[in-house]
Structure formats: C-alpha cells, structure tokens
Amino acid sequence: MPLTDVKQILKTQPENLRSSEQEVISYNKTLIELNKDLQASSINLNLGLVLSIHKKLVNKLVPEYQLGKLRTEPVFVNNLKTGKTVYWPPDHKDVPKLINDLIDFINRNRGEIDPLIIAGIFHKQFVIIHPFMDNNGGTTRLLTKVILTDMCLDTFNLFSFENYYNKNVTGYFNNVGVSGNYHDIVDSINFTNWLEYFTEGIIDELLRVKKF
C-alpha cells in the first residue's frame with residue numbers, strides 16, 4: 001500500500017475497513033503500544049510476547065482460533081508474481097520447538113553478538129519458521145524492533161523498516177526468503193546475503209534520518 005494511503009487511513013480512521021486497511025490500523029496501534037512499554041521498561045523476549053504481538057496484529061483479520069496461536073496446519077509461501085508455491089515451511093508440529101530454540105538463542109547471545117547481526121538472524125529465522133498462518137512479516141518486523149531497542153538501538157521513533165524494504169520489495173523477499181522444502185534445505189541455508197542486506201538497510205535509514 002502506498003505511503004500516502006497509509007497516512008490517510010491513520011488520519012481518518014474510517015469505520016468500514018477493508019482487510020488491508022485494518023492491517024494498517026492494527027500495526028500502527030501495536031507499534032505505539034510497544035514503544036510506550038519499551039520507554040517504561042525493558043521487554044523480555046519470550047513466547048508470550050511473540051503470541052501477544054501477533055494477536056494484536058491480526059485482530060479482526062483471522063479466525064479466532066488463529067489469534068495469537070502458533071499454526072496447527074501446513075502453510076505454503078507463494079511467489080507474489082507467479083502465484084506458484086516456492087517454499088514449504090517446517091511441519092507445524094516442529095514449530096513450537098523451533099520458535100523456543102530461536103528465542104533461547106537470541107537471549108543467550110545478547111551482548112555476545114553485534115545487535116544488528118543478532119536482530120538480523122532473528123528476522124530471517126522467524127520468517128523461515130513461519131510460525132503463524134498469517135501476518136508472519138508484520139510480527140517479525142515488530143519483534144525485530146523490540147530486540148534492537150532492548151540492545152540500545154531504538155528505531156521506534158526514527159524509522160520504519162518498511163521504508164527501506166519498500167524501495168525494492170522483490171529484493172527484500174529474495175534476501176529474507178528461501179526456496180524449497182524446509183526439511184530438505186535446512187542444513188544449507190545461508191544467512192550472509194540477508195545479513196548484509198539487513199544491516200545496510202538499517203545504516204541507510206539511519207543516514208537518511210541524520211539529514212533531518
């Protein structure tokens with residue numbers, strides 16, 4: 001959705017919302033709430049936080065049984081242009097362990113790995129796991145902002161990741177995504193290109209806001 005449309009939706013707060021408009025409202029509301037919480041105190045990265053953010057983002061957008069719940073069904077990722085399936089995420093039975101292992105990795109390495117690198121690792125691995133039926137992207141981006149803020153890089157009041165990603169949406173998906181069946185490719189997934197793209201994006205945005 002164009003930035004001008006997003007600004008108009010947030011300004012007018014229309015009553016009868018399409019799903020894309022509701023998604024904008026929910027994302028902005030959750031963003032504001034998280035920012036307030038982070039200003040008041042630190043937020044621990046745990047499964048409860050992951051589920052609560054997702055629940056807020058998909059409110060009124062998905063069936064109630066999917067609200068803030070890890071998926072219990074198979075899910076597929078399609079190419080935006082061709083509509084063909086390009087990625088088969090992990091089996092839903094493996095999702096709880098994979099998510100908890102990711103959270104544990106981030107918490108154990110906090111302070112040991114550069115904040116940009118650890119946030120980038122979280123971002124891509126969360127997308128790879130694809131723990132929800134819907135809105136994995138929005139949940140990932142908000143959690144990434146939380147991780148960065150907790151490690152002293154508060155981007156909430158500086159910029160939105162989407163500003164950089166929207167410059168080249170295809171580039172974003174090519175870097176963050178993977179192709180094939182997760183269980184076939186898991187041992188060969190390379191994070192290098194994504195981490196270069198991710199860190200360059202943050203630096204690019206920081207330099208942009210520095211001009212103002």
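The values are calculated or read from the model by the stated rules, or taken from the named source; none is laboratory data. Keep in mind it's a predicted model, so treat the numbers as computed, not measured. Glycine gets a Cβ as well: all are built from the backbone with ideal geometry, and neighbour counts include every protein chain shown.
Against the test of being free of Cβ contacts under 8 Å to residues at least 40 places away in the same chain, of a type outside the set (Gly, Ala, Ser) and part of a helix (DSSP H, G or I), the options Thr149, Thr140 yield a single qualifying residue, Thr140. Within the stretch 54-72, the residues that satisfy the criterion of being touching a helix residue (DSSP H, G or I) at 6+ places or on another chain (Cβ under 9 Å) and either assigned to a loop (DSSP other than H, G, I, E, B) or more than 12 Å from Phe132 (Cα to Cα) (or both) are Lys56, Val58, Asn59, Lys60, Leu61, Leu67, Gly68, Lys69, Leu70, Arg71, Thr72. Each residue in the stretch 46-71 was checked for being more than 10 Å from Thr139 (Cβ to Cβ) and charged (D, E, K, R), and 4 of them qualify.
For the stretch 34-82, a tally of residues being over 15 Å from the mean Cα position of the chain (by Cα), β-branched (Val, Ile, Thr) and closer than 20 Å to Val146 by Cα returns 1. All conditions but one from (1) surrounded by fewer than 17 Cβ atoms within 10 Å (Cβ to Cβ); (2) in contact with a strand residue (DSSP E or B) (Cβ under 7 Å, 6 or more places away or on another chain); (3) not aliphatic (A, V, I, L, M) apply to Asp104; the one that does not is (2). Can you find, within the stretch 20-40, the residue that is surrounded by the most Cβ atoms within 10 Å (Cβ to Cβ) among those that are free of Cβ contacts under 8 Å to residues at least 40 places away in the same chain and charged (D, E, K, R)? For the stretch 20-40, the residue satisfying everything is Glu21. Taken together, Leu153, Leu102, Leu70 contain a single residue that is modelled with pLDDT under 95 and of a type in the set (A, V, I, L, M, F, W, C), which is Leu153.
From the list Val75, Val50, the lone residue that is assigned to a loop (DSSP other than H, G, I, E, B), surrounded by 11 or more Cβ atoms within 10 Å (Cβ to Cβ), of a type in the set (Val, Ile, Thr) and touching a residue at least 24 places away in the same chain (Cβ under 8 Å) is Val75. Out of Gly171, Gly177, one residue alone is on the phi < 0 side of the Ramachandran plot, of a type outside the set (A, V, I, L, M) and in contact (Cβ under 8 Å) with a residue 40 or more places away in the chain. It is Gly177.
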